[in-house]
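A short write-up of the structure that comes next.
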Amino acid sequence: MDESKLSPNYLIPSWPLVLTCPANLIHAAAHLAPIEYLALASHGLESGQMDSGSTEVLVDAGSFRLYNDGHVERLDGVDHVPAGFDADTGVTSKDVVIDAVTGVAARLYLPDIQAAAGRSDGTAITKLPIVVFFHGGYFIVGSAGSPRYHRYVNSLAARARAIAVSVDYRLAPEHPLPAAYDDSWLTLNWAASGSADPWLSEHGDLGRVFLAGLSAGGNIAHNMAIDAGLTGLRAPARIEGAILLHPSFCGEQRMEAEAEEHWASVKKRWAVICPGARGGLDDPRMNPTAAGAPSLAALACERMLVTAASEDPRMPRDRAYYEAVVSSGWGGSVEWFVSEGEGHGFFIDEPGGSEAAALMERVVGFVTRH
């Protein structure tokens, strides 16, 4: 992707607000440290509130309301927790700015090095796999600093004994797609360079890079694997695997098993957050099996895990994606895992249940397997 096309605006709100985006605020805030930036952004946006009662709600997803004039009211996924040491997992995290112009950032996670390497005598440390994680939230809500994602990535880094890079991509509709894809591609290449941060250069194994994401983040993980296969990374890193957790896909033609209400909601939302889509929901970024989409045989990873939940309306699309990968001629191996009796992204908010534990075990096993 052409980095010159990245938008100079970046916004992650920290409190539930009805949002407009003063351009002078965004440009100034993009040059601040992540925590300072979030505080300034939310303060400035309070003065730019819109009257949500004056427009029609196009999509009400519970965590946000998207209005027909293109603005959004975020009701959930806006809380932010700082990086630092997590006593429960022994993982340390920190925020880094990837691009000072756009403000694109990431949160890095480093497990206890001695424990991760299985050593207690101070001898040579084995380098650790790198997991690049893309959070969910319809491309509209969430951040690397959201408590639910911070908790999940802390746990994943500790359990999988991996360095994690959680991408803070810009959110729609203030920053329409492909902004999130551009930011994710930029951050993936940054991480794959191995020299951008001492945690990665000293402890990361560039021969064992994994892509992982939930919902919209699973969609991004797929697109990053396709882009890497078509154009190659700018660094000699090896993408060993991709983990698609309840990925968000759709298409212009509703599947028979696909709930009509869900399909209609996705269609309305996609038209707003990706106004330049080619073919509407049949844009290859949303429908990887559409006519004219890049062949799935181009996937850059060597292994893939596709997961779904039996009560998730996205499951029919996720299964169709898995079957398309199987029949694509791709040379890698793909696995399918279903959480029975659960809904979309259940494990993020309810990590203590038996199904969440089983899913985490499967994900960890996928990363640690050689």
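Flag: D79 matches the condition of being closer than 17 Å to S146 by Cβ and open to solvent by 60 Å² or more (accessible area, probe 1.4 Å).
Within the stretch 64-78, the set of residues being part of a loop (DSSP other than H, G, I, E, B) and among the β-branched types (V, I, T) comprises V78 only.
Among all positions in the stretch 163-170, there is no residue which is open to solvent by 10 Å² or more (accessible area, probe 1.4 Å), aromatic (F, W, Y) and at pLDDT 95 or above.
Okay, residues lined up against (1) at positive phi; (2) in a helix (DSSP H, G or I); (3) touching a residue at least 24 places away in the same chain (Cβ under 8 Å):
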{"residue": "Q114", "(1), (2), (3)": "no, yes, no"}
{"residue": "I130", "(1), (2), (3)": "no, no, yes"}
{"residue": "F139", "(1), (2), (3)": "yes, no, yes"}
{"residue": "A158", "(1), (2), (3)": "no, yes, yes"}
{"residue": "L186", "(1), (2), (3)": "no, yes, yes"}
{"residue": "A191", "(1), (2), (3)": "no, yes, yes"}
{"residue": "L200", "(1), (2), (3)": "no, yes, yes"}
{"residue": "G218", "(1), (2), (3)": "no, yes, yes"}
{"residue": "A221", "(1), (2), (3)": "no, yes, yes"}
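When residues in the stretch 290-309 are screened for being more than 18 Å from A228 (Cα to Cα) and either surrounded by 18 or more Cβ atoms within 10 Å (Cβ to Cβ) or touching a helix residue (DSSP H, G or I) at 6+ places or on another chain (Cβ under 7 Å) (or both), 5 of them pass. Please determine whether any residue of the stretch 261-273 is buried (at least 20 other Cβ atoms within 10 Å of the Cβ), without any contact (Cβ under 8 Å) to a residue 24 or more places away in the chain, touching a Cys at 6+ places or on another chain (Cβ under 8 Å) and closer than 28 Å to L156 by Cβ. Checked the stretch 261-273: at least one residue is buried (at least 20 other Cβ atoms within 10 Å of the Cβ), without any contact (Cβ under 8 Å) to a residue 24 or more places away in the chain, touching a Cys at 6+ places or on another chain (Cβ under 8 Å) and closer than 28 Å to L156 by Cβ.
Yes/no matrix, rows are residues, columns are (1) of a type in the set (S, T, Y); (2) within 21 Å of V59 (Cβ to Cβ):
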position	(1), (2)
V141	no, yes
Y149	yes, no
A162	no, no
E174	no, yes
A179	no, yes
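Whether a residue is closer than 23 Å to V132 by Cβ, among the small types (G, A, S) and assigned to a loop (DSSP other than H, G, I, E, B) was assessed, and A257 does not pass this test. Among the residues of the stretch 142-155, those identified as open to solvent by less than 10 Å² (accessible area, probe 1.4 Å) and in contact with a strand residue (DSSP E or B) (Cβ under 8 Å, 6 or more places away or on another chain) are S143, A144, G145, V153, N154.
Here's the yes/no breakdown for (1) among the aliphatic types (A, V, I, L, M); (2) crowded, with 18+ Cβ neighbours inside 10 Å:
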position	(1), (2)
Y109	no, yes
T126	no, no
Y138	no, yes
A158	yes, yes
L186	yes, yes
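Of a type in the set (G, A, S) and more than 24 Å from D205 (Cα to Cα), is that true of G332? Here the answer is no, as G332 does not meet what is asked. Assess whether A320 counts as being out of contact with any helix residue (DSSP H, G or I) (no Cβ under 9 Å at 6 or more places or on another chain), in contact (Cβ under 8 Å) with a residue 24 or more places away in the chain and surrounded by 14 or more Cβ atoms within 10 Å (Cβ to Cβ). Criteria met by A320. Only one of the listed residues (R285, R254, R234, R278) is within 22 Å of P173 (Cβ to Cβ), more than 20 Å from the chain's Cα centre (by Cα) and open to solvent by 10 Å² or more (accessible area, probe 1.4 Å). That residue is R278.
The set of residues from the stretch 195-225 being under 19 Å from A320 (Cα atoms) and either open to solvent by 30 Å² or more (accessible area, probe 1.4 Å) or among the acidic types (D, E) (or both) is empty.
Restricting attention to the stretch 325-367, the residues that are open to solvent by less than 60 Å² (accessible area, probe 1.4 Å), part of a helix (DSSP H, G or I) and either closer than 15 Å to G218 by Cβ or in contact (Cβ under 8 Å) with a residue 60 or more places away in the chain (or both) add up to 10.
The values are calculated or read from the model by the stated rules, or taken from the named source; none is laboratory data. Predicted model only: the values in this text are computed from it and were never measured. No Cβ is skipped: glycine too gets one built from the backbone with ideal geometry, and neighbour counts run over all protein chains shown. These accessible areas exclude ligands, DNA and RNA; they are computed on the full protein's heavy atoms, side chains included. Shrake-Rupley method; radii C 1.70, N 1.55, O 1.52, S 1.80 Å.
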